[in-house]
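J.: Dropping a structure here in structure tokens format, bear with me for questions.
The values are calculated or read from the model by the stated rules, or taken from the named source; none is laboratory data. Bear in mind the structure is a predicted one, so any value in this text is a computation, not a measurement. So basically every Cβ, Gly included, is an ideal-geometry build from the backbone, and we count neighbours across all protein chains shown. Heads up: the accessible areas ignore ligands, DNA and RNA and are worked out on the full protein's heavy atoms, side chains in. Shrake-Rupley method; radii C 1.70, N 1.55, O 1.52, S 1.80 Å.
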Amino acid sequence: RAAVRDAGRALGVPLPDVDRVAKLIPSGPGGLSIEQALAQIPELKGLYDGSPAIKGLLDTASSIEGLARHASTHAAGVVISKGPLVEYVPLVKIGEHDVNTQYDMTMVEKIGLLKMDFLGLRNLTVMKNAVDEIRRTTDPAFDINAIPDSDQRTFEMLGRGETTGVFQLESEGMRRVVSDLKPSSLDDVIALVALYRPGPMEWIPQYINNKHGRTKVTYLHPKLEPILSETYGIACYQEQVMQIARDFAGFTMGQADELRKVMGKKLKDQVPIYREKFVDGAVANGFEKALAEKIFEFIEPFAGYGFNKAHAAAYGWIAYQTAFLKANHPLAYFAALMTSVKDKTDKLVEYIDEAKHLGIAVLAPDINESLVDFAVVDDEIRFGLAAIKGIGEGAVRSILETRERDGKFVDLFDVVRRVDVRAVNRRVLEALVKSGALDALPGNRAEQLDAIDAALEYGSRLSRDRELGVVSLFGALEEETVLVPQIRSLPPPTTHEKLAWERETLGVFISGHPLADVAEALSRSGATPVRDLREIEDDAAVTLAGMLTSVRRTLTKAQAQMLIAQLEDMSGSVELIVFPKQYADLQAGFQTDAIVVVKGRLRRRERRGAIGEDTPLEVAIHVSEVAPVARHVERKTIAGWHVNVGRREQIDALAELVNESPGTVPIVLHVGPDSQRLPKGIASGMYVKSALERIFGTVNVREGMP
């Protein structure tokens, strides 16, 4: 398949034709070569004989099939020798700085060099940042290495399948498995890490049933029980297979490791040799030959896919630690998680949504409250100033140092009076205003943007006067009352403008979502949320609904028109592709900011991930249909909103929301055992629900009669 796709790209064959041909060729361990596929698959042979273009594609692909496509680099492999490497192995320079061995990893081992994998994990940085935040905000003595390995709250959370943000356990498939298993010990987590891979996955249902007593654990021989009891009769780890070889067949540790390698690396020609050694050794130890053969048949598939327990335990412990932090210190943990993905919009949206689901408010940046990164402030998570696009390190440092030294800022002009205006320039001020970082200061965002020119001129004049040593006749009085400009009164920006600015400066929407008031209409379309696409099989038919945030029309190498767009729903964004054959029929439906329903085929492709992390998966949709969705749809009638109030600032935020979106829907405030209905009502748009949840937290907002 790879040869067909590479040949098609080089020859300029239309991608749909290449896809059609490639998918006719079976892949995987039982796949066929192109020659074999032509002999065995009539449809492929028909295409080959009936189309000169397909014949040329397959002939070219056959000529490169099996060749190395490029010199690849192991993600974490390091080769070690006792002397200079050039004395032992030929080297090659790749790129500007990388030096690789020209031998592959198998040959490197065969010539006696030591090969080590050094893995780096983003999650270790997340945990460190979370620990620092816990020590800063709640427990100065917190030690992640001293947490208990039997925390009930952690296992209850895992049993509910709430694994978003938990290392190794957050994929949709793993979430289902964890909720079915309901782990009750660290051993269960370690076993899941080992089993949730191609091959061993088929034994997960048996592991779960055995654990919960739905099926009885049985052993081929009592001597297997002490080896397999910890994993409910399932051979999860390579070490278990090696122990069986030692206890039954009398293998030495070295021989058991050789057996593991033969099976793990699928060296089929050597398997019969080791089968004979195993059976002979078991017979010599007093076991029946028939039993020995059964035991070998039992361990053979496990050895082929089994995981190294030391590796599984290391990953399982990190998985448990991240789960412990989420279950017991969610504020600090989510702040650290969001910091780690502040440049990855889809993951940031996912973590913000999960935090809101848990009742944690995620607030816009604030010049008087924010730190450098996401941080816990008054039992809420506040965007960090460094997360604002367009603000450099120097500007953030100037703002924070000034605030720490001289106190909070009182207005826009106070900002330019006190900070270094060379670092906090026009671009920085605009980003601060648009992101909402100055919302707590006088003036709405439109008024603040309008005042930036006057503020910069004022700040420059003060800076220049200070450098010249100019002293006013009126001293500080003139600076405060005469020279300070005034903010001009302007209407506040529309909700759409505010959201557009937040997307521009933060990458996400904070004060709402442009799709909130049509969310119900989109859900009725039967669309799949974007975040769920990575769990769907390649080439599956999918329906999506959302807003087109970008549309780009381009030309193929053959000078045919095609279109590439980005569609965003409330869970993430995905790339849409319209190929030349569909372009004329569909292109009119693609306009920036249009809300649409699209149908098409999902295409999966892997890209190289960070060292030690799972290979990220990218998806795109090959579009076959597009239809508009009206922005103004029939809205659900809301009887009223009930909100639980925890802090005074929430009342202030609610008052601002009611002023911006007045209407007739009543709001009832609950403060402890008391409740009170607001004298003013709010608009009936469904976006109001998102706004209320942002202010009070998802668990503190409910719909109902007043």
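J.: If you go through segment 552-567, how many residues are of a type outside the set (S, T, N, Q) and not in a strand (DSSP E or B)?
T.: So the answer is 3.
J.: How many residues does segment 58-91 contain that are assigned to a helix (DSSP H, G or I) and in contact (Cβ under 8 Å) with a residue 40 or more places away in the chain?
T.: The qualifying residues number 5.
J.: Of the conditions (1) exposed (fewer than 15 other Cβ atoms within 10 Å of the Cβ); (2) polar (S, T, N, Q); (3) in contact (Cβ under 8 Å) with a residue 24 or more places away in the chain, Asn129 fails just one. Which one is it?
T.: Evaluating Asn129 over (1) exposed (fewer than 15 other Cβ atoms within 10 Å of the Cβ); (2) polar (S, T, N, Q); (3) in contact (Cβ under 8 Å) with a residue 24 or more places away in the chain leaves (1) as the failure.
J.: If you don't mind, another one. Would you list the helices (runs of 4 or more DSSP H) that sit entirely within segment 104-216 and hold 3 or more residues that are under 21 Å from Gln240 (Cβ atoms) and in contact with a Gly (Cβ under 6 Å, 6 or more places away or on another chain)?
T.: Because the criterion is at least 3 residues that are under 21 Å from Gln240 (Cβ atoms) and in contact with a Gly (Cβ under 6 Å, 6 or more places away or on another chain), the helices (runs of 4 or more DSSP H) in segment 104-216 that meet it are 186-195.
J.: Which pairs have Cβ atoms under 7 Å, sit 6 or more apart or on different chains, and link a residue in segment 43-56 that is within 13 Å of Arg20 (Cα to Cα) to one that is open to solvent by 60 Å² or more (accessible area, probe 1.4 Å) and in a helix (DSSP H, G or I)?
T.: Every condition considered, the pairs that remain are Tyr48/Lys55.
J.: Between a first residue in segment 252-274 that is modelled with pLDDT of 85 or more and a second residue that is part of a helix (DSSP H, G or I) and of a type in the set (Phe, Trp, Tyr), which pairs have beta carbons less than 6 Å apart while being 6 or more apart in sequence or on different chains?
T.: If the second residue must be part of a helix (DSSP H, G or I) and of a type in the set (Phe, Trp, Tyr), the pairs left are Leu259/Tyr274.
J.: Which ones in segment 239-296 are open to solvent by 80 Å² or more (accessible area, probe 1.4 Å) and β-branched (Val, Ile, Thr)?
T.: Residue satisfying the conditions is Ile273 alone.
J.: Would you check if Ile299 is among the β-branched types (Val, Ile, Thr) and either more than 19 Å from the chain's Cα centre (by Cα) or farther than 17 Å from Thr163 by Cβ (or both)?
T.: yes
J.: Considering each of Leu522, Leu548, Leu515 in turn, give the residue that is at negative phi, surrounded by 19 or more Cβ atoms within 10 Å (Cβ to Cβ) and modelled with pLDDT of 85 or more.
T.: Among Leu522, Leu548, Leu515, only Leu548 is at negative phi, surrounded by 19 or more Cβ atoms within 10 Å (Cβ to Cβ) and modelled with pLDDT of 85 or more.
J.: Take the residues of segment 100-114 that are under 12 Å from Ser72 (Cα atoms) and modelled with pLDDT of 90 or more: which is surrounded by the fewest Cβ atoms within 10 Å (Cβ to Cβ)?
T.: Gln102
J.: Right, another one. Which of the residues belonging to segment 183-230 are within 25 Å of the chain's Cα centre (by Cα), open to solvent by 50 Å² or more (accessible area, probe 1.4 Å) and in contact (Cβ under 8 Å) with a residue 12 or more places away in the chain?
T.: Correct list: Tyr196, Arg197, Pro198.
J.: Could you grab me the full set of residues in segment 165-182 that are at pLDDT 90 or above and either open to solvent by 10 Å² or more (accessible area, probe 1.4 Å) or touching a Pro at 6+ places or on another chain (Cβ under 7 Å) (or both)?
T.: Of everything in segment 165-182, those that are at pLDDT 90 or above and either open to solvent by 10 Å² or more (accessible area, probe 1.4 Å) or touching a Pro at 6+ places or on another chain (Cβ under 7 Å) (or both) turn out to be Phe167, Gln168, Val177, Ser179, Asp180, Lys182.
J.: Let me ask something else. Being under 21 Å from Glu293 (Cβ atoms), assigned to a helix (DSSP H, G or I) and in contact with a Phe, Trp or Tyr (Cβ under 8 Å, 6 or more places away or on another chain) narrows it down to one of Leu220, Leu259, so name that one.
T.: Leu259
J.: Consider Glu568 carefully, then state whether it is touching a residue at least 12 places away in the same chain (Cβ under 8 Å), under 21 Å from Asp353 (Cβ atoms) and open to solvent by 60 Å² or more (accessible area, probe 1.4 Å).
T.: Criteria not met by Glu568.
J.: Filter segment 465-503 down to the residues that are exposed (fewer than 15 other Cβ atoms within 10 Å of the Cβ), in a helix (DSSP H, G or I) and either aromatic (Phe, Trp, Tyr) or modelled with pLDDT of 85 or more (or both) and list them by number.
T.: Glu497
J.: On the given criteria, is Thr339 part of a helix (DSSP H, G or I), out of contact with any Cys (no Cβ under 9 Å at 6 or more places or on another chain), open to solvent by 10 Å² or more (accessible area, probe 1.4 Å) and closer than 24 Å to Leu371 by Cβ?
T.: yes
J.: Can you pull out the residues in segment 640-676 that are open to solvent by 30 Å² or more (accessible area, probe 1.4 Å) and of a type in the set (Gly, Ala, Ser)?
T.: Gly646, Ala653, Ala655, Gly663, Gly672, Ser675
J.: If you don't mind, there's one more thing I want to ask. Looking for something open to solvent by less than 10 Å² (accessible area, probe 1.4 Å) and not in a helix (DSSP H, G or I) - is there at least one such residue anywhere in segment 451-464?
T.: no
J.: Within segment 132-155, restricting attention to residues that are under 16 Å from Ala335 (Cα atoms) and polar (S, T, N, Q), which residue is surrounded by the fewest Cβ atoms within 10 Å (Cβ to Cβ)?
T.: Thr138
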